[in-house]
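Undergrad: Shown below is the structure under consideration.
The values are calculated or read from the model by the stated rules, or taken from the named source; none is laboratory data. Small disclaimer: the values here were computed from a predicted structure and weren't measured. Note that we place each Cβ from the backbone using ideal geometry, even for glycine, and neighbour counts take in every protein chain shown.
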Amino acid sequence: MTPMPTGRTAGQLADGWTNPLRDPRDKRLPRIAGPCGLVIFGVTGDLSRKKLMPAIYDLANRGLLPPGFALVGFARRDWAAEDFGDVVLKAVREHARTPFRQEVWDKLAEGFRFVQGSFDDDHAFDQLARTLHDLDRVRGTGGNHAFYLSIPPSAFPVVCKQLARSGLSAQDGDQWRRVVIEKPFGHDLGSAIELNEIVNEVFPEDSVFRIDHYLGKETVQNVLALRFANQLFEPIWNSHYVDHVQITMAEDIGLGGRAGYYDGIGAARDVIQNHLLQLLAFTAMEEPVSFSSDELRAEKIKVLNATRLVGPLEETTARGQYTGGWQGGEKVVGLKEEEGYDPESRTETFAAITVEVDTRRWAGVPFYLRTGKRLGRRVTEIAVIFKRAPHLPFDATMTEELGQNALVVRVQPDEGVTMRFGSKVPGSQMEVRDVTMDFGYGTAFTEASPEAYERLILDVLLGEPSLFPVNQEVERSWQILDPVLEAWAAREDGPDPYPAGSWGPDSANRMLARTGRTWRRP
Amino acid sequence: MIVDLPSSTTSAVNRKLVELREAGGVMALGRVLTLVIVTDDGGSAEQAIEAANAASREHPCRVLVIARGSRQAAARLDAQIRVGGDAGASEVVVLRGYGPLASEDAGAGMVVPLLLPDAPVVAWWPADAPAVPSDDPIGRLAQRRITDALSARNPTKAFEQRRSGHVAGDSDLTWTRLTHWRALLATALDNPPHEPVTGAVVAGEAVSPSTDLLAGWLAVRLGVKVKRSPSTAGGGGMSSVQLARRSGSIELLRPDGRTATLRQPGQPDRMIVLSRRGVPDCLAEELRRLDPDEIYGEALAGIGLVSRGRSPVNLVP
């Protein structure tokens, strides 16, 4: 029986028009964005130079941007249009993934514009509006514009108001206007709701694209392929076989130079609320009915709604702050000595929490989420740790070195999947020891797989929302995390110190030891 | 690392591969496919290996190169194993067969023991290909057969053979070179006004299999009259496509072989880089799809529906 098609088929557009040149069987044809332009606010920032500009060039180089694409920079800097071009060129030369091709650059650079002004300057936004109209006329951007707010959230209200006032947010007929925002999406539930209201006042929710760059990564999307395209894993992906899950995002770098953003925010808000809870959603969610963005989001929201903290919080959570010392052959300072931080800072640089997912599939399986700066090495991974075999027909001595089976999705770096299981040690004795089986996208191949930002920017321009969390997910994530933040704030002692280059404070180990478990060393 | 195994056998090659893996762990086991390259011994073999090494960064694979030596020589197999830095992200085994070992059947016999278990097999003829690739001894081992009519000594004849001998699983780089063109045209139709196309003209060099193929694709997909015309442009290959619609034509023009202009009624001209694609790029795309390309098969069949125009199309840049 042929399943009934759900929703639109490939090539079919909203008004029922079917593009005769598209065919679902034609898998070679990439989707190129339609005529459009991108406006970046905060174009002088780090993210813009290191990620956005290179990603735009890489997209152009891969032929995925429309002919006539326009890039408009908006910043306070007093630049001429050429200066802006030079800055982009430098960023592209330094950070682009694909080789530099002069002819691609020349065509792309023709669409660059720069508008100088501050966010409260009506005149500058009128100038921006004129620039975009002019681009529609000269470059044929067709009135389709995306606004990338690479700016602190405190500036969102004024920029959104300005966009509305200058008529830039108004969409009519075939034209679209979209807004792209980056984390942090607030600092607790209340502020997140407020922020969503401010943005939604100007842009309807289906025009809002919240970037969580982890979701643009191949390995994260591969979690869905691994689970739902295979028969091998899904049968054991539940509380009958899974003992617990550890989701780790560790960085070896410190927080020097980020005081303005980080002090007072801390690791839990910075990483757990968005990245780690999203990774949890991908790991724990039920199979979506289809891979349409609505179905995918419905499942993610369901699993987040079923996620709750495990208490008592003083035992099931941990927080830490790195202290100075030698890390990997380098002398580093502790957070309190980093430039710009309060010497009495109580900001946590390590955070770990325990949650459970209250569904039939996951009842009783703890999910441990941890993140930190200045840890042993830079790694992000999802480790599913399985229960021990119910009966071992071996003597205890034979399996002394046998651990628990594990399946580890390595999100970054060294993307891939590792399976850990027991194997007989060669020799006349029966002795079982842990071995690993490895699938690697391999460090050598990453040059071929697109950067997360490439994928995400293209999806914004195509209007493809699957990989962007909606406000409901954001608000629910805060709801999960808020009690932890409140409990920590209420305590008199600050975060536990841990030496730079270690895997976090002792309290993190105690939090697992209370149930007889230990953290994996990633 | 390059290991030469002169006057060898495939079992010796297999033993050496395992030995190398055990000795240095130089080869990972995560190979997703075996790519068999069939070529004549000489410079073209090296070019093909380079293209395969580049493609292997996206598709880690084992590359088996059948480099056919002189048929007059005495029977001998010279093998060479390349791993690590000399092989990109692949492991390359070059098999130089002489005398009776330079024949097609013997080539297939040398390949079989070296195929990766379970992994798909892709055969690639970088230059001249058998008349019916799916009937070739090596072609029969593969589920995907890649040819390149344009690199054959006689492109017109090679392309005719592709048309007459096509079976599912075959593809030709003349089709791969069209992907950007096709994507731009499809995207142009994605955008309003959503009107039906009433006719099309495709122009290019007199001998340009890709141009014929694009015309065939449009004829099948659009179900309208499609004309294939010569072009005055000097850029080589494809030079223009015109899709007629009620409100005016969509035109994609590439007079110089490098930069294209997209022209639509009521809109400014838009320029985009549309260079001819290199072989490594094309090969990487081919290896992305290991299932039969039905659209290509339809486009080949569609060439019969295309009418030939005599008067050249003038490109006004």
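Undergrad: Mind checking which residues of the stretch A:104-149 are among the hydroxyl-bearing types (Ser, Thr, Tyr) and either assigned to a helix (DSSP H, G or I) or surrounded by 18 or more Cβ atoms within 10 Å (Cβ to Cβ) (or both)?
TA: Residues satisfying the conditions are A:Thr131, A:Thr141, A:Tyr148.
Undergrad: Looking only at the stretch B:132-152, filter to residues that are of a type in the set (Gly, Ala, Ser) and part of a loop (DSSP other than H, G, I, E, B); which one of those is surrounded by the most Cβ atoms within 10 Å (Cβ to Cβ)?
TA: Residue satisfying both the conditions and the ranking: B:Ala142.
Undergrad: Just to be sure I understand, how many residues within the stretch A:326-372 are under 25 Å from A:Val303 (Cβ atoms) and in contact with a Pro (Cβ under 8 Å, 6 or more places away or on another chain)?
TA: Of the residues in the stretch A:326-372, 3 are under 25 Å from A:Val303 (Cβ atoms) and in contact with a Pro (Cβ under 8 Å, 6 or more places away or on another chain).
Undergrad: Checking the conditions here, which among A:Leu65, A:Leu52, A:Leu29 is among the aliphatic types (A, V, I, L, M), closer than 23 Å to A:Asp212 by Cβ and touching a Ser or Thr at 6+ places or on another chain (Cβ under 8 Å)?
TA: After ruling out the rest, the residue left standing is A:Leu52.
Undergrad: Would you confirm, using the coordinates I've provided, whether B:Val202 is under 25 Å from B:Gly235 (Cβ atoms), among the hydrophobic types (A, V, I, L, M, F, W, C) and in a strand (DSSP E or B)?
TA: It is true that B:Val202 is under 25 Å from B:Gly235 (Cβ atoms), among the hydrophobic types (A, V, I, L, M, F, W, C) and in a strand (DSSP E or B).
Undergrad: Ok, one more. Checking the conditions here, which among B:Pro113, B:Pro155 is farther than 30 Å from B:Pro265 by Cβ and assigned by TED's automatic domain parsing to the domain that holds B:Gly69?
TA: None of the others qualify; the one that does is B:Pro113.
Undergrad: Can you find a residue that is acidic (Asp, Glu), part of a helix (DSSP H, G or I), surrounded by fewer than 21 Cβ atoms within 10 Å (Cβ to Cβ) and more than 14 Å from every other protein chain (Cβ to nearest Cβ) anywhere in the stretch B:188-197?
TA: No, the stretch B:188-197 contains no residue that is acidic (Asp, Glu), part of a helix (DSSP H, G or I), surrounded by fewer than 21 Cβ atoms within 10 Å (Cβ to Cβ) and more than 14 Å from every other protein chain (Cβ to nearest Cβ).
Undergrad: Let me ask another. Please give the number of the condition B:Thr211 fails out of (1) under 26 Å from A:Pro66 (Cα atoms); (2) surrounded by fewer than 24 Cβ atoms within 10 Å (Cβ to Cβ); (3) away from chain A (no Cβ under 14 Å).
TA: (2)
Undergrad: Read through the list (1) free of Cβ contacts under 8 Å to residues at least 12 places away in the same chain; (2) over 18 Å from B:Glu286 (Cα atoms), then give the number of the only condition that B:Ala183 fails.
TA: Among (1) free of Cβ contacts under 8 Å to residues at least 12 places away in the same chain; (2) over 18 Å from B:Glu286 (Cα atoms), the lone unmet condition for B:Ala183 is (2).
Undergrad: Assess whether B:Gly257 counts as being assigned to a loop (DSSP other than H, G, I, E, B) and away from chain A (no Cβ under 11 Å).
TA: So B:Gly257 passes the test.
Undergrad: Out of all the residues in the stretch A:212-232, is one or more small (Gly, Ala, Ser), farther than 20 Å from A:Lys183 by Cα and surrounded by fewer than 14 Cβ atoms within 10 Å (Cβ to Cβ)?
TA: yes
Undergrad: Suppose we filter B:Gly236, B:Gly248 for residues that are more than 26 Å from the chain's Cα centre (by Cα) and at positive phi; which single one remains?
TA: B:Gly248
Undergrad: Give the residue, chosen from B:Ala129, B:Ala119, that is touching a Ser or Thr at 6+ places or on another chain (Cβ under 9 Å), at pLDDT below 95, part of a loop (DSSP other than H, G, I, E, B) and farther than 18 Å from B:Ile66 by Cα.
TA: Every option except B:Ala119 fails the conditions.
Undergrad: Looking at the stretch A:171-190 only, could you name the residues that are outside any strand (DSSP E or B), under 18 Å from A:Leu38 (Cβ atoms) and either small (Gly, Ala, Ser) or modelled with pLDDT of 90 or more (or both)?
TA: Scanning the stretch A:171-190 gives a single hit, A:Trp176.
Undergrad: Oh, and also: Restricting to the stretch A:205-226, what's the tally of residues that are closer than 19 Å to A:Ser150 by Cα and either aliphatic (A, V, I, L, M) or not in a helix (DSSP H, G or I) (or both)?
TA: Of the residues in the stretch A:205-226, 6 are closer than 19 Å to A:Ser150 by Cα and either aliphatic (A, V, I, L, M) or not in a helix (DSSP H, G or I) (or both).
Undergrad: Residue check, B:Arg31 against (1) within 14 Å of chain A (Cβ to nearest Cβ); (2) surrounded by fewer than 16 Cβ atoms within 10 Å (Cβ to Cβ), all met but one. Which one?
TA: Only one criterion is unmet by B:Arg31, namely (2).
Undergrad: Can I ask one more? Taking the stretch B:266-315, which residues are of a type in the set (A, V, I, L, M), under 28 Å from B:Val224 (Cβ atoms) and under 19 Å from the mean Cα position of the chain (by Cα)?
TA: B:Leu274, B:Ile295, B:Ala299, B:Leu300, B:Ala301, B:Ile303, listed by residue number.
Undergrad: Moving to a separate point now. Give me the pairs: first residue in the stretch B:1-20 and exposed (fewer than 13 other Cβ atoms within 10 Å of the Cβ), second residue assigned to a loop (DSSP other than H, G, I, E, B), beta-carbon distance under 7 Å, and six or more apart or on different chains, which are they?
TA: That search, which allows pairs on different chains as well, returns B:Met1/B:Val26; B:Met1/B:Val83.
Undergrad: What is the one condition in (1) farther than 30 Å from A:Arg178 by Cβ; (2) in contact (Cβ under 8 Å) with a residue 40 or more places away in the chain that A:Val432 does not satisfy?
TA: (2)
Undergrad: Okay, next question. When both residues are 6+ apart or on different chains and their Cβ atoms are under 6 Å apart, which pairs have a first residue that lies in the stretch A:461-484 and is farther than 20 Å from A:Arg308 by Cβ, and a second that is of a type in the set (A, V, I, L, M, F, W, C) and crowded, with 22+ Cβ neighbours inside 10 Å?
TA: A:Leu461/A:Ala33; A:Leu461/A:Cys36; A:Leu462/A:Ala33; A:Leu467/A:Leu215; A:Phe468/A:Phe209
Undergrad: Could you list, in sequence order, all residues of the stretch A:390-434 that are within 30 Å of A:Tyr214 (Cα to Cα), out of contact with any Lys or Arg (no Cβ under 9 Å at 6 or more places or on another chain) and in a loop (DSSP other than H, G, I, E, B)?
TA: A:Asp414
Undergrad: Does A:Arg370 satisfy the criteria of being touching a residue at least 12 places away in the same chain (Cβ under 8 Å), assigned by TED's automatic domain parsing to the domain that holds A:Asp252, out of contact with any Cys (no Cβ under 8 Å at 6 or more places or on another chain) and part of a strand (DSSP E or B)?
TA: Yes: the conditions hold for A:Arg370.
Undergrad: Can you tell me which residue in the stretch A:422-444 is modelled with the lowest pLDDT, limited to those that are within 26 Å of A:Leu276 (Cβ to Cβ) and surrounded by 16 or more Cβ atoms within 10 Å (Cβ to Cβ)?
TA: Within the stretch A:422-444, the match that is modelled with the lowest pLDDT is A:Gly442.
Undergrad: Can you tell me which residues in the stretch A:72-105 are aromatic (Phe, Trp, Tyr) and in contact with a helix residue (DSSP H, G or I) (Cβ under 9 Å, 6 or more places away or on another chain)?
TA: A:Phe74, A:Trp79, A:Phe100, A:Trp105 - these are the residues of the stretch A:72-105 that are aromatic (Phe, Trp, Tyr) and in contact with a helix residue (DSSP H, G or I) (Cβ under 9 Å, 6 or more places away or on another chain).
Undergrad: Only one of A:Leu195, A:Leu232 is more than 30 Å from A:Ala508 (Cβ to Cβ) and assigned to a loop (DSSP other than H, G, I, E, B). Can you tell me which?
TA: Only one candidate passes the filter, namely A:Leu232.
Undergrad: Does B:Leu274 count as more than 7 Å from chain A (Cβ to nearest Cβ), over 15 Å from A:Phe69 (Cβ atoms) and among the hydrophobic types (A, V, I, L, M, F, W, C)?
TA: The answer is no for B:Leu274.
Undergrad: Kindly indicate whether any position in the stretch B:60-71 is in contact with a Ser or Thr (Cβ under 6 Å, 6 or more places away or on another chain) and of a type in the set (Val, Ile, Thr).
TA: Scanning the stretch B:60-71, I find at least one residue that is in contact with a Ser or Thr (Cβ under 6 Å, 6 or more places away or on another chain) and of a type in the set (Val, Ile, Thr), so the answer is yes.
Undergrad: Residues that are part of a helix (DSSP H, G or I) and surrounded by fewer than 18 Cβ atoms within 10 Å (Cβ to Cβ): does the stretch A:69-82 have at least one?
TA: yes
Undergrad: Would you pick out the residues in the stretch A:319-352 that are without any contact (Cβ under 8 Å) to a residue 60 or more places away in the chain and on the phi < 0 side of the Ramachandran plot?
TA: Correct list: A:Glu330, A:Lys331, A:Lys336, A:Glu337, A:Pro343, A:Glu344.
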